[in-house]
Amino acid sequence: AMDPSLPQSLLRRQIELSRICERLGVRRLEIFGSATKEGREPADLDFLVDLGDLPPREYSRAYFLLRDSLEALFERPVDLVTPHNLENAYFRQRVEQQKSLLYAA
C-alpha cells in the first residue's frame, strides 16, 4: 500500500497506476521529490522507474508510454528517472532519502 502521507491525487489513483504499470511491464515504480513532502500538491511529479531488461526499442517504447500515461493520469508534468540516471552519487543519495514505493511487480 502507498504511504498515506503522499498527495491525495496519487492515493486516489492507486488502482489506475497499478494497471498502467502491469500493462507496460514495470518492475518497480517509486516517487521522489516534492510529492514526498507532506501536505502539498506538487506542480510536477518525479518518478523512479525500473523497466527491467527490455531490448532497447521496447524499453524506449515502454518508457515514453509510461511517461505519457502518468502525465495523463495525474494531469501534470512528469519526470521519469531510470536507475541509469542515478550515476551521480549526490543525486542518487537524494533520491534514496526521499523515495516512496508506489508499485512493485
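The values are calculated or read from the model by the stated rules, or taken from the named source; none is laboratory data. Here the structure is a predicted model, which means the values were calculated and not measured. Keep in mind that these areas ignore ligands, DNA and RNA; they rest on the heavy atoms of the full protein, side chains included. Shrake-Rupley method; radii C 1.70, N 1.55, O 1.52, S 1.80 Å.
I want to verify a result. In a Gaussian network model of the chain, Cα cutoff 10 Å, which of these has the top mean-square fluctuation: Ala72, Ala89, Ala43?
So, out of Ala72, Ala89, Ala43, the one fluctuating most is Ala89.
Can you work out the Karplus-derived ³J(HN,Hα) for every residue in segment 42-51? Use 6.51 cos²θ - 1.76 cosθ + 1.60 with θ = phi - 60°, whole Hz, and x for glycine or proline.
Per residue, the Karplus-derived 3J(HN,Hα) values read x, 6, 9, 10, 10, 10, 10, 10, 10, 9 Hz.
Using a 1.4 Å probe on the protein heavy atoms, what percent of the accessible area of segment 8-67 belongs to carbon and sulfur?
47 percent
With every protein chain left in place, what is the accessible area of Glu22 in Å² (1.4 Å probe, nearest 10)?
Using a 1.4 Å probe on the heavy atoms, I get roughly 120 Å².
Skipping prolines and chain starts, which residues have an amide H placed within reach, meaning under 5 Å, of the one on Asp79, given they are 5 or more residues away or on another chain?
Leu45, Asp46, Phe47
Over segment 30-105, average the accessible area per residue using a 1.4 Å probe and give it in Å², no decimals.
So segment 30-105 comes to 59 Å² accessible per residue, rounded to a whole number.
In a GNM of the chain with a 10 Å cut-off on Cα contacts, which of Arg40, Arg57, Arg67 has the highest mean-square fluctuation?
Sorting by GNM fluctuation, first place goes to Arg57.
What is the percent of Cα-Cα separations in segment 19-105 that go past 18 Å?
Here the long-distance tail beyond 18 Å is 42 percent of all Cα pairs in segment 19-105.
Out of Pro77, Pro55, Pro42, any idea which swings most in a Gaussian network model of the chain, alpha carbons joined below 10 Å?
Pro55
Output the Cα-based Rg and Dmax of segment 1-68 in Å, rounding Rg to one decimal and Dmax to a whole number.
That works out to 12.9, 40 Å for Rg and Dmax.
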